Amino acid sequence: MTVATVPMPIASSGSFLITPNVGLMVWTLVLFGVSLLILWKLAFPRISAALDRRQQAIEESIETAEEMRRRADELLAEYRERLTEARKQAEEIIERARKSAETTERLTEEDAKQRREELMERTRREIEMETRRAIQEIRSEVADLTVLATEKVTRRTLTDDDQRRLVEETLSELDFSALGAGGQG
């Protein structure tokens, strides 16, 4: 069996897309209108609400970010202020420590100077006392030697009155002031 094919004219095969068909156009417009109405009633409000929510979330994020930036700026300013204050306090502490050290040094020097002067004065007094004691011992020794020498020269023993008179005469002739002045100079 052979099937016979009917040839289609070439001009009419692609012409339905190019040539306006009123019925097809009407139905297309009706379906487009119904689709637009359905989208307008159902999809557009949801899309619009979603866009509004998104816009509101973005605005809130921007406001939050601005608030956080403002707080960060405030904290930074406060930090800088505290840092400046801490530096001032550190400088004050250093200055007080420096002044305290200078005062302590000055007081220590004054105390050492006073102690040195007291020690020098005490040493002078001790030297003076030792000089007087030494002079007294020398006088006593000179008196004893004078008595002994006199006894040997005169070959006799002197009475206490003679010894006293002889010692006083001999001591009055000696200059002990030079010994006292030499010890102090």
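The values are calculated or read from the model by the stated rules, or taken from the named source; none is laboratory data. Predicted model only: the values in this text are computed from it and were never measured. We place every Cβ from the backbone using ideal geometry, glycine too, and count neighbours over all the protein chains shown. The accessibility values were calculated without ligands, DNA or RNA, using every heavy atom of the protein model including side chains. Shrake-Rupley method; radii C 1.70, N 1.55, O 1.52, S 1.80 Å.
Tabulated data
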quantity: Portion, in percent, of the accessible area of region 53-109 that falls on carbon or sulfur, probe 1.4 Å; calculated: 52
quantity: Highest to lowest packing among 60-72, 131-143, scored as the average C-beta count within 10 Å; calculated: 131-143, 60-72
quantity: Theoretical FRET efficiency, 1/(1+(r/R0)^6), r = Cβ-Cβ of Gln55 and Trp27, R0 35 Å, to 0.05; calculated: 0.35
quantity: Per residue value of the accessible surface for region 24-156 (all protein chains in place, 1.4 Å probe), Å²; calculated: 92
quantity: Local net charge near Glu95, Cβ-Cβ under 13 Å (Lys/Arg +1, Asp/Glu -1); calculated: +2
quantity: Gyration tensor over alpha-carbon atoms, region 98-172, equivalent ellipsoid semi-axes in Å; calculated: 56, 8, 6
quantity: Efficiency of FRET from Cβ geometry, Ile18 and Leu39, R₀ 25 Å, rounded to 0.05; calculated: 0.30
